[in-house]
Every structure is written in structure tokens, then in C-alpha cells.
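These notes concern the structure reproduced below.
The values are calculated or read from the model by the stated rules, or taken from the named source; none is laboratory data. Because the structure is predicted, anything quoted here is derived from the model rather than measured. So basically every Cβ, Gly included, is an ideal-geometry build from the backbone, and we count neighbours across all protein chains shown. Calculation scope for accessible area: heavy atoms of the full protein, side chains included, ligands and nucleic acids excluded. Shrake-Rupley method; radii C 1.70, N 1.55, O 1.52, S 1.80 Å.
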Amino acid sequence: MRKFPAEFESFLGPAGRRLLAGRSPLMGALADPRRRFLAADGLLDGSKLEAARRLLDRALLPQLSRIDRPIPPEATWEMKENYGELLPKTMRVSTSTFERRRGRAWEAAEAIGLVTMLRSASFYEFAQHLAGRKLARHWGIQALCYGPGDYAGPHNDHQPENPKARQGYIDIHLSMAGPAVAQQWLVYAVAGHFTKIESVARSGHVTAYRLPLWHYTTPLVARKGREGEARRWVLLGTFLYADGADRRASSGGRP
């Protein structure tokens, strides 16, 4: 593969195309405010995944920015009360949000057709069908690459300072894990407790989030002797609601 397809529809398998056509049991899966998370396999075209992952390794990986945000010492040594821990978001990962159109990551992603695919009408429709409601026509895109030991600590992705996102929004993650990845897990909260866990170490895995949602991603573990080639790519779309508001459950329960 030299370029991603111009339309996301061409990256879908039969189950994904049924969803795009409105003929899938996943239609409107996140329309219920009590359901904050969805994971599904088989929506992407399995014959394209390995070639796409290799293309990202060649063309985009060298252009990503590295985020290394450890637990700050003051989170421990400036505590005033026993058991009064406050943990800021910690993470270690390579990424690009493609915000700088003249940046090297943007240029690399544009050259291989990734920006075009993630901006395509069919990707928007795919997200909208999972959301079960109208989404705004302008959305954010991002690429993440996890290597051995890379992770994202507990966070909820709430954006109270953003008037358009403070009432909630939708994230769609397309995951491509290479064969050298042994394991990586997503842990998320239900009813205020981290009680659900999902393997994200499978290629072609699609996850969708009705944010905010408390969750974290465990450190990626490589297969023994293959640490140098163990990577998991995540292609991401962030979609606001067209009406700018999340429809919450009348019970007001926490995710």
C-alpha cells in the first residue's frame, strides 16, 4: 500500500459496510446515554490492515511527536492529607493531532492519503451511525503510536473550558496492532468504578467512546525478543454533537 483510500468506506469490511448502509445492529449503539463505550471487531477490511500499518511505520512514525508525561513528584511530596492523592493525566506515547498544516507530520499524513481518508464523508457517516444522532461537520483527527511501555493513565477527556465540547462528544478509534504486540488493555469505568477491561491488542479493533468517560490504557507489552517492532497504531476522530449538547440519562448516573 502506497496510499490510504480517499474514502473510509474502502477501508471497511462487509460488516463495516453494512453499518455504513444502515443495516447493522450497531446502528445508534451510543445513542443510549447510559452506554458510554463500544468495542467491535470485523468492521475494517482485514486484507488492508497489515499494509496500512506498515505504511504508517514507514511514512508517519518518524514525524510524530513524543509525549512523556510522568507522575510529577509533587503529586506525592506536596500532599497535605493521608490518602488525599490527586493524580494528573500521565502518559507516554507518540502522536500528532495534525493541527499544524505545515508541520512535518501533517505533510507526511497528507502525502499518504491519511488526512483525506479521515476527513472523508464516509468516515463522518460511520461515526454518526454509531453515535445515533447528528454530528457536527467539522471534526478533529489524530494519530497515536504505542510502543513497548507506552500507556495513558486514568483520565476522562472532559473539556469544561470548551463551550462546544463541555456537554460531551464522540471519539472513534481505529486500532492496528502489529504481530509483535503481546498485550495491551483498555480499562474503563462503569457506575464510578474501573470494572470493565477490553483487549486493544488486536488489529482492526474499533472502539467508540461517548465522552467524558473515565478510562486508561495499560502499558503495551511486546512479545519476547520483538520489542523493536512492537507497535500499535490508533487513528482517531473526535466529533462534536451538531446541537452542541449531550442527552444525558434522567437518572444522572455516572459512567
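Built from the Cα atoms of region 87-218, the convex hull projects on average onto 9.4 nm², one quarter of its surface area.
Amide H contacts under 5 Å for V200: Q184, W185, L186, restricted to partners 5 or more places along the chain or on a different chain, H placed in the peptide plane at 1.01 Å from N. What net charge do the residues around G84 carry, taking every other residue with its C-beta under 15 Å from that of G84, with Lys and Arg at +1 and Asp and Glu at -1? Charge balance in the 15 Å sphere: -3.
Rounded to the nearest whole Hz, the Karplus-based 3J(HN,Hα) values (6.51 cos²θ - 1.76 cosθ + 1.60, θ = phi - 60°) of region 23-28 follow the sequence 10, 10, x, 7, 4, x, with x at glycine and proline. Largest GNM mean-square fluctuation among R232, R210, R166, using the chain with Cα springs under 10 Å: R166. Of the chymotrypsin sites (Phe, Trp or Tyr not before Pro) in region 80-154, the ones in a loop by DSSP (not H, G, I, E or B) with at most 11 other beta carbons within 10 Å are Y83.
Each Lys or Arg adds one and each Asp or Glu subtracts one; over the other residues with Cβ under 15 Å from the Cβ of V221, this totals +4. The residues packed around E107, meaning those with a beta-carbon under 12 Å from its beta-carbon, carry a net charge of +3 if Lys and Arg are +1 and Asp and Glu are -1.
Between A152, A230, A40, the Gaussian network model of the chain with springs among Cα atoms under 10 angstrom shows the greatest mean-square fluctuation at A40. With kT/(6 pi eta Rh) evaluated at 10 °C and eta = 1.306 mPa s, and Rh the Kirkwood radius from Cα pairs, the chain diffuses with a coefficient of 83 µm²/s according to Stokes-Einstein.
With loop membership from DSSP and a limit of 15 other Cβ atoms within 10 Å, the longest segment of the chain without GluC sites (Glu not before Pro) is 162-255.
For the chain, the fraction of 1.4 Å probe accessible surface lying on carbon and sulfur atoms is 50 percent. If R0 is taken as 25 Å, the Cβ-Cβ distance between R23 and A136 corresponds to a FRET efficiency of 0.50.
Extension gain for the segment R58 to H193, taken as residue separation times 0.36 nm less the Cα-Cα distance, is 44.6 nm to one decimal. Only Cα pairs under 8 Å and at least 6 apart count here; give the relative contact order of the chain as a rounded whole percent. This gives 26 percent for the chain. Using all pairs of distinct alpha-carbon atoms, the Kirkwood hydrodynamic radius of region 32-123 works out to 17.1 angstrom.
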